[in-house]
Amino acid sequence: LQTMEGDTDPLGVILQTRAMEAQRKKRESNLMAGPNKVAPSRPSRTVSGGISFDRDIQAFFSTRPIDALPSLSRLKLSSLPETEDTVKHLIASGQHRKAIQVAKLLLDTTPPKENALRHRLRQHLGTCFLHLHEFKDAKTIVGVESEGEPLALRILRSEIKHYLGDNDAAIRGLCNLRTKIQSGEAKLQPGEDVGAVNDKIIAYLNLGGKFQLALRSLSEQQQNKSDTDPTLYVKKAKLLLKLGDVSSASLEVKMYENAIGLTEKPTPALLELRALLLVVESKMKEAMGVLAPLIQGKVGSSMCVDAVNNYAVCALLTNQIQLAIDTLEDLVRRDPFQGLNMAVVRNLVALYDLCSLRESKQLLRKLVDQYAADSVAELCRRANLW
């Protein structure tokens, strides 16, 4: 399934061809009807008093009260304190446009002598612009490197290169940054770790299809750490599955089990790995059984959106299309903000197109406009999903 970073899960993007065919037919029908219309911008969210809901949205959430749903869109911008914590909170809740307004106001009123705060505000603004795919604005606000910048801002420059289409330049920039840190030329601030740079390098190698290089970088990272991070085994196992090396992936899974210690309640990551190994062996029903505790919320306190996606794909591969739809829709009901990420939205759209569920697709669009992060709504518009 497609992830928010654009990477592909070892299960594969199995709905992509069908979704593309449905979109092709939609474009052809539009051409027959007349010239294409410009996609409308995202409607503004209601912020005064309460929120006006259509009856179909109320029916969708019939299992729980509307007022209990998490939605910071109810907050008026004028009621928010003009602080950096507010900016962070808005970013975490996916309200990037409001975060930009508050961050710009803070940046304009922060004196030049408070250099550290100005650097952090530029980082927040760059992150928001990046999420909204406004890359030129992100590049402008980040600017050129200067002394005293936080590590996150330096990493952000390479991220912008990646999103502008030059993944190799992003990797080179991150490698140069890592070299400067290791040589002492670039200083880290308290709480910063070069591991953040390594993680980005591996992520971009992965996105570029350079799995062998990513695997080598992970192995080097393991050797350089005195206390091996168990999550490195998880990353290596997934990379090995992409390379088709199932036996080595199984070995990494066992090493991960040894690292965390066998417990009565396996970690979500371990369950996910076990399910992926079963999928490779075409044991879809068994994989669904392994993922079931994650779907039912029995493991960990937070929902595993990736596990729900994988469960839905397994259901589809066993000809249980309605179960796949119900599984993803239930995820959205349980937590609209977390559930409506780009992967879930794309998969639901593909399933609705496959089953000709036009009304469900229209409802999904309303839910995205009301609850999803600004970045998801913007990507849906740019991808012409609707």
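Per the conditions (1) touching a residue at least 24 places away in the same chain (Cβ under 8 Å); (2) open to solvent by 70 Å² or more (accessible area, probe 1.4 Å); (3) not hydroxyl-bearing (Ser, Thr, Tyr), the sole criterion not satisfied by ILE201 is (2). In segment 292-299 there is no residue matching the filter, namely being at pLDDT 90 or above, surrounded by 21 or more Cβ atoms within 10 Å (Cβ to Cβ) and under 20 Å from the mean Cα position of the chain (by Cα). In segment 127-143, the residues that are farther than 22 Å from ASN115 by Cβ form Cβ pairs under 8 Å with partners that are open to solvent by less than 80 Å² (accessible area, probe 1.4 Å) and among the polar types (S, T, N, Q), at six or more places apart or across chains, as follows: HIS131/SER375; LEU132/SER375; HIS133/SER375. Of the helices (runs of 4 or more DSSP H) contained entirely in segment 270-346, those carrying at least 1 residues that are hydroxyl-bearing (Ser, Thr, Tyr) fall at 305-317, 321-334. Quick check on my filter: what residues within segment 312-348 are farther than 28 Å from HIS131 by Cα, crowded, with 17+ Cβ neighbours inside 10 Å and of a type outside the set (A, V, I, L, M)? Across segment 312-348, the qualifying residues are CYS314, GLN320.
Give the residues of segment 173-210 that are under 18 Å from the mean Cα position of the chain (by Cα) and among the hydroxyl-bearing types (Ser, Thr, Tyr), sorted by residue number.
TYR204
Residue-by-condition table, conditions (1) among the hydroxyl-bearing types (Ser, Thr, Tyr); (2) open to solvent by 70 Å² or more (accessible area, probe 1.4 Å); (3) closer than 23 Å to HIS89 by Cβ; (4) modelled with pLDDT of 95 or more:
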| site | (1), (2), (3), (4) |
| --- | --- |
| LEU125 | no, no, yes, yes |
| GLY143 | no, no, no, no |
| HIS162 | no, no, no, no |
| PRO190 | no, yes, yes, no |
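Could we say that GLY184 is in contact with a His (Cβ under 9 Å, 6 or more places away or on another chain), open to solvent by 10 Å² or more (accessible area, probe 1.4 Å) and farther than 26 Å from ALA373 by Cβ here? Considered against the rule, which asks whether it is in contact with a His (Cβ under 9 Å, 6 or more places away or on another chain), open to solvent by 10 Å² or more (accessible area, probe 1.4 Å) and farther than 26 Å from ALA373 by Cβ, GLY184 comes out as no. Being farther than 25 Å from ARG382 by Cβ, modelled with pLDDT of 90 or more and surrounded by 16 or more Cβ atoms within 10 Å (Cβ to Cβ) holds for only one residue in LEU121, LEU105, and it is LEU121.
Considering only residues of segment 252-284 that are over 27 Å from the mean Cα position of the chain (by Cα) and of a type in the set (Lys, Arg), which is farthest from THR231 (Cα to Cα)? It comes out as LYS283. As a summary of the residue check, SER217 satisfies the conditions (1) farther than 30 Å from ILE100 by Cβ; (2) open to solvent by 40 Å² or more (accessible area, probe 1.4 Å) except for the one numbered (2).
For LYS265, the requirement of being modelled with pLDDT under 90, of a type in the set (D, E, K, R), more than 25 Å from ASN309 (Cβ to Cβ) and in a loop (DSSP other than H, G, I, E, B) is not met.
For segment 245-262, a residue qualifies if it is among the acidic types (Asp, Glu) and in a helix (DSSP H, G or I), and the qualifying residues are GLU252, GLU257. Here LEU351 does not fit the description of being open to solvent by less than 50 Å² (accessible area, probe 1.4 Å), in a helix (DSSP H, G or I) and touching a Phe, Trp or Tyr at 6+ places or on another chain (Cβ under 8 Å).
The values are calculated or read from the model by the stated rules, or taken from the named source; none is laboratory data. Here the structure is a predicted model, which means the values were calculated and not measured. Cβ atoms come from the backbone with ideal geometry, glycine included; neighbour counts cover every protein chain shown. Please note that ligands, DNA and RNA were not included when accessible areas were found on the heavy atoms of the full protein model with its side chains. Shrake-Rupley method; radii C 1.70, N 1.55, O 1.52, S 1.80 Å.
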